[in-house]
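Everything on this sheet refers to the single structure shown next.
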Amino acid sequence: MTIADTIRSRRSIRSFNAQPVSTDLIVELLNDAVWAPNHGMREPWRFILAERAEAKEHVASLMLESVQNMKLMKLMPGKLQQALKNKISRMPAHLIVVMKNEKDPHKQEEDYAAVSCVIQNFQLLAWEQGLGMIWSTMEYIHSPIFCEGLSVKSDERIVGVLHMGYFDKTPKPKSRTSAEQKLTLL
Ligand SMILES: Cc1cc2nc3c(=O)[nH]c(=O)nc-3n(C[C@H](O)[C@H](O)[C@H](O)COP(=O)(O)O)c2cc1C
């Protein structure tokens, strides 16, 4: 597969099968992904991996607790909330990508971009191995309950939670606007 093939064929995966994901593989892919560009070599990222059943249960509980006050959740019957928690707990792995905050807004922006590069590298490398994921930025990633429950420090933020695993069905691609339509030639 060329890089272009991998970029074009990668899809966000939201449903996974039960096949476990090896920790060694995730670490190997991360070791390639961190060769991302990053200004000042600040390498502003770190990772938290939940693969063991108790760890995934913990992540799922924190997610649910964090969103409990959201209007949508309040409308959701208890049974449905439990089903959601079970769905998250059953996913093969969750990788939480954490960034060190910078006081200088310019550096903060650069670092958010660098961490996003690592995430995309990781998504593409994983895709080549048949491993799918969804990059979630749902509201809970900013919740003190969620962050404190994962020992994310006050000078850090979560850039995304990557729910990942192997999958049986590849979603259809959503079309993209051609670059020509977005290009200004000076
Ligand atoms: C920064 C970022 C945040 C995202 N957050 C979510 C999310 O919270 N929930 C979700 O379902 N998808 C999320 N996505 C995935 C997009 O919905 C997905 O990339 C888009 O629909 C295109 O689909 P594709 O990735 O299969 O090409 C996010 C993607 C990015 C880049």
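The values are calculated or read from the model by the stated rules, or taken from the named source; none is laboratory data. All of these numbers come straight from a predicted model, not from anything done at the bench. Note: ideal-geometry Cβ built from the backbone for every residue, glycine included; neighbour counts use all protein chains shown. Remember, those area values only see protein heavy atoms, side chains included, never the ligands or the DNA or RNA. Shrake-Rupley method; radii C 1.70, N 1.55, O 1.52, S 1.80 Å.
Amide H contacts of Leu162: Leu95, Ile96, Val97, Ser136, each under 5 Å away and 5 or more positions distant or on a separate chain (H built 1.01 Å from N in the peptide plane; Pro and chain starts excluded). Computed 3J(HN,Hα) for region 90-98, one whole-Hz value per residue from the Karplus formula 6.51 cos²θ - 1.76 cosθ + 1.60 where θ = phi - 60°, is 7, 4, x, 7, 10, 10, 9, 9, 10, glycine and proline marked x. Counting only protein heavy atoms, what percent of the accessible surface of the chain is carbon or sulfur at a 1.4 Å probe? With neighbouring chains kept in place, the figure for the chain is 56 percent.
Over the chain, with the other protein chains present, what is the accessible area per residue in square angstrom, probe 1.4 angstrom?
Values: 11560 Å² over 186 residues.
Ligands and nucleic acids excluded, the figure is 62 Å² per residue.
Taking max minus min of the alpha-carbon positions on each principal axis, the chain gives extents of 56, 43, 36 Å, largest first. Using the structure shown, select from Lys107/Lys153; Lys56/Lys79; Lys74/Lys172; Lys103/Lys153 the pairs with a Cα to Cα distance greater than 22 angstrom. Among Lys107/Lys153; Lys56/Lys79; Lys74/Lys172; Lys103/Lys153, the Cα-Cα distance tops 22 Å for Lys74/Lys172. Rounded to whole numbers, the Karplus 3J(HN,Hα) couplings from phi for region 166-175 are 7, 8, 9, 10, 9, x, 5, x, 8, 5 Hz, using 6.51 cos²θ - 1.76 cosθ + 1.60 with θ = phi - 60°, and x at Gly and Pro. Candidate cross-link partners of Lys87 among the aspartates and glutamates, defined by an alpha-carbon separation under 20 Å and a same-chain spacing of 8 or more, comprise Glu51, Glu54, Glu57, Glu65, Glu139, Asp168.
Computed with a 1.4 Å probe over protein heavy atoms only, the accessible area of Thr2 comes to about 80 Å². Peptides 122-128, 15-21, ordered by how many other C-beta atoms sit within 10 Å of their residues on average, highest first, read 122-128, 15-21.
Helices in the chain, meaning DSSP H runs of at least 4 residues, each add -39500 (n - 2.57). Divided by all residues, the mean residue ellipticity at 222 nm is -13500 deg cm²/dmol.
Using only alpha carbon pairs under 8 Å that are at least six residues apart, calculate the relative contact order of the chain and give it in whole percent. It would help to have the intermediate numbers written out before the result.
Numbers: 253 pairs, mean separation 67.6, N = 186.
In percent, rounded to a whole number, it is 36.
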